[in-house]
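Heads up: the structure comes next, in C-alpha cells.
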Amino acid sequence: MPKILFNVTEDWYFWLHRSNLALHLKEKGWTVQVLTSDGEYRQKIENAGFTWIKTPIKRASRNPFHIPFCSFKIRKILQMQNPDILHNVSILPILVGSFACLFRKKQAIVNAVTGLGFVFINSRNFFRIALRRAVELAYKSAFAIGPSRILFENPDDLELFISQRIITAKQARLILGSGVDVLRFSPGNKRNDSFRVLLAARLIEEKGIRTYVEAAKVMKEKGEKIEFLLAGISDPSNPSSIPIEEVEAWNEKGWIRWMGRVQDMPGLLKEVDAFVLPSRYREGIPMGLLEAASCELPLVTTDSPGCREAVRNEWNGFLIEKDNPKELANSIHKLYLDPELRKKMGKNSRELATSKFASSIVNAATESVYSDLLK
C-alpha cells in the first residue's frame, strides 16, 4: 500500500489542520508518517496509528544555515522511509522538504501553501520588497524540484504565484482550506440571556487581536451588553506574539474574557452567537472561520485573501477593512440588534461549510492529487 510522509513544523498544527486527511488516508490503507515537533500532540498522533518522526526544523531559528542543515537531515529520513508522497505544509517545510529531494528525482512532492502572511502584501518599503523577492526566488527554486503539485487554499494566492511565474499552471491545484468535520462542528442551542462574540486564534498581532479589543472597548463604553470572548494562547516562537501580561490586563479591565487554550472548541462554538477574525495578513483559509461556519454562526472578518473565501458579505456575515475597530464594532452591533439576521446568516454559513469546505470534499480532492502524481 502507498506511504505518505507529512512534513509539518508543529505537531499541534498537523493535528488541527491535517489529521482529518491523515485519518481518511489510513482508512483507505495508506501508511501515514508525520515528521513534526515533539509537543503535546505527539501522543495523539501516535494513538491515531500514525508513525511520528521528530523534525529537525526549528521555526524560530534565524541561523542562515538552518535550511541546508535541515534539508540534509530530512534527506536521510527520506532515504530511510522511502515514502511514495512527501506532503510539505507551509513555507519552511516546503523549502526544506523540497531541497531534501534535490537528488531524489522520482520523489513525488505535494507542497501546501497555507497563506502568504505579510511578505506578499504590496509595499514600497525597500526591505519588504527585497524580502519578497528573496522568498519568491526560494519558492520558485523549491517548486522546480521533482514531480510536484502545489496546493493553494484560495484563488488569490494561486493567481499571484502563476502571474509572478513562481509556478506553472500545470503544477497548481486549488483546494479550499484543509477541511472541517461538519459532524463534529454542528449547530447548537444558543442561550437567550446574553450575546457572546468569539475570537479564537493564536495570540499574535497578525490575527487582529488588538482590533478586536478596541472594538470591545467601543461597545463597553456605549454600555452594550455584549460579551467578547478571546480563546487562544501565545506563540513564543513568533516575534509578533502578544505578551500574556497584556492579555491578562485586558481581561482584568473587563474588555474581553480571555479563555486561554480551549480543548472543546465545538462545545464553545455552540454556545456563542457570532465569530470574529479581524486578520491583518494573507491567510490560507482560516480554520476558525470554517469551524464557526459549520456551527451555524454569522461571521465577521476582513476583506483579504483567504478570509473572504469563507464570507459572502451580508449573506453569511460581514467583510470589513483590516485595522478598523469601529467598523468591526458596528458589524457586531448589527448582529447584536437583529436575532433574525443572526439566524439567517448562521444558516447560510452552515450551508457554505457543508457544500464547499467539508473535510470529505477536501480529502477526496487531495487524494486525487496524490493519485495523479503516482500514475
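Does S178 satisfy the condition of being under 16 Å from I285 (Cα atoms), of a type in the set (S, T, N, Q) and outside any helix (DSSP H, G or I)?
yes
Just the residues that are among the hydrophobic types (A, V, I, L, M, F, W, C), surrounded by fewer than 19 Cβ atoms within 10 Å (Cβ to Cβ) and within 24 Å of the chain's Cα centre (by Cα), please, taken from region 325-368.
I361, A364, A365, listed by residue number.
Among the candidates L199, L137, which residue alone is farther than 23 Å from N363 by Cα, among the hydrophobic types (A, V, I, L, M, F, W, C), outside any loop (DSSP other than H, G, I, E, B) and assigned by the TED database to the domain that holds I320?
On inspection, the qualifying residue turns out to be L199.
Could you tell me which residue of region 148-178 is surrounded by the fewest Cβ atoms within 10 Å (Cβ to Cβ), considering only residues that are over 23 Å from I85 (Cα atoms) and without any contact (Cβ under 8 Å) to a residue 12 or more places away in the chain?
S163
Quick one: how many residues across region 334-375 are among the polar types (S, T, N, Q), within 17 Å of R184 (Cα to Cα) and without any contact (Cβ under 8 Å) to a residue 60 or more places away in the chain?
Number of matching residues: 2.
Among the numbered conditions (1) outside any helix (DSSP H, G or I); (2) surrounded by fewer than 15 Cβ atoms within 10 Å (Cβ to Cβ), tell me where A249 comes up short.
The failed condition is (1).
What single numbered condition from (1) within 14 Å of R350 (Cβ to Cβ); (2) touching a Lys or Arg at 6+ places or on another chain (Cβ under 6 Å) fails to hold for K322?
With (1) within 14 Å of R350 (Cβ to Cβ); (2) touching a Lys or Arg at 6+ places or on another chain (Cβ under 6 Å) applied to K322, the lone miss is (1).
Looking only at region 129-175, filter to residues that are under 15 Å from R282 (Cβ atoms) and charged (D, E, K, R); which one of those is modelled with the lowest pLDDT?
Selected residue: R132.
Can you pull out every residue in region 126-143 that is over 15 Å from I166 (Cα atoms) and either in contact with a Lys or Arg (Cβ under 7 Å, 6 or more places away or on another chain) or surrounded by 17 or more Cβ atoms within 10 Å (Cβ to Cβ) (or both)?
Within region 126-143, none qualify.
Quick one: which residue in V276, V272, V262 is assigned to a loop (DSSP other than H, G, I, E, B) and within 28 Å of L116 (Cα to Cα)?
Matching residue, one of V276, V272, V262: V262.
Could you say whether any residue in region 221-228 is hydrophobic (A, V, I, L, M, F, W, C), in the same structural domain as M287 (by the TED database), within 20 Å of N324 (Cα to Cα) and assigned to a helix (DSSP H, G or I)?
No, that holds for no residue.
Looking at E10, E27, which is the one that is acidic (D, E) and in contact (Cβ under 8 Å) with a residue 40 or more places away in the chain?
On inspection, the qualifying residue turns out to be E10.
Look at K26 and say whether it is modelled with pLDDT of 95 or more, surrounded by fewer than 21 Cβ atoms within 10 Å (Cβ to Cβ), assigned by the TED database to the domain that holds A172 and more than 23 Å from Q171 (Cβ to Cβ).
Considered against the rule, which asks whether it is modelled with pLDDT of 95 or more, surrounded by fewer than 21 Cβ atoms within 10 Å (Cβ to Cβ), assigned by the TED database to the domain that holds A172 and more than 23 Å from Q171 (Cβ to Cβ), K26 comes out as yes.
Hey, can you tell me all the residues within region 296-333 that are of a type in the set (S, T, N, Q) and free of Cβ contacts under 8 Å to residues at least 40 places away in the same chain?
Hits for region 296-333 are T301, S304, N313, N316, N330, S331.
Quick one: in region 207-216, of everything that is assigned to a helix (DSSP H, G or I), buried (at least 18 other Cβ atoms within 10 Å of the Cβ) and of a type outside the set (S, T, N, Q), which residue is nearest to the chain's Cα centre (by Cα)?
K207
Being more than 11 Å from L176 (Cβ to Cβ) and hydrophobic (A, V, I, L, M, F, W, C) is the filter here; which residues of region 354-375 pass it?
A364, V369, L373, L374
Do you know which residues across region 1-58 are assigned to a strand (DSSP E or B) and either aliphatic (A, V, I, L, M) or at positive phi (or both)?
Within region 1-58, I4, L5, V32, V34, L35, I53 qualify.
The values are calculated or read from the model by the stated rules, or taken from the named source; none is laboratory data. The model shown is predicted, which means the values in this text are computed figures rather than measured ones. Cβ coordinates were reconstructed from backbone atoms using ideal geometry, including for glycine residues, and neighbour counts include every protein chain displayed.
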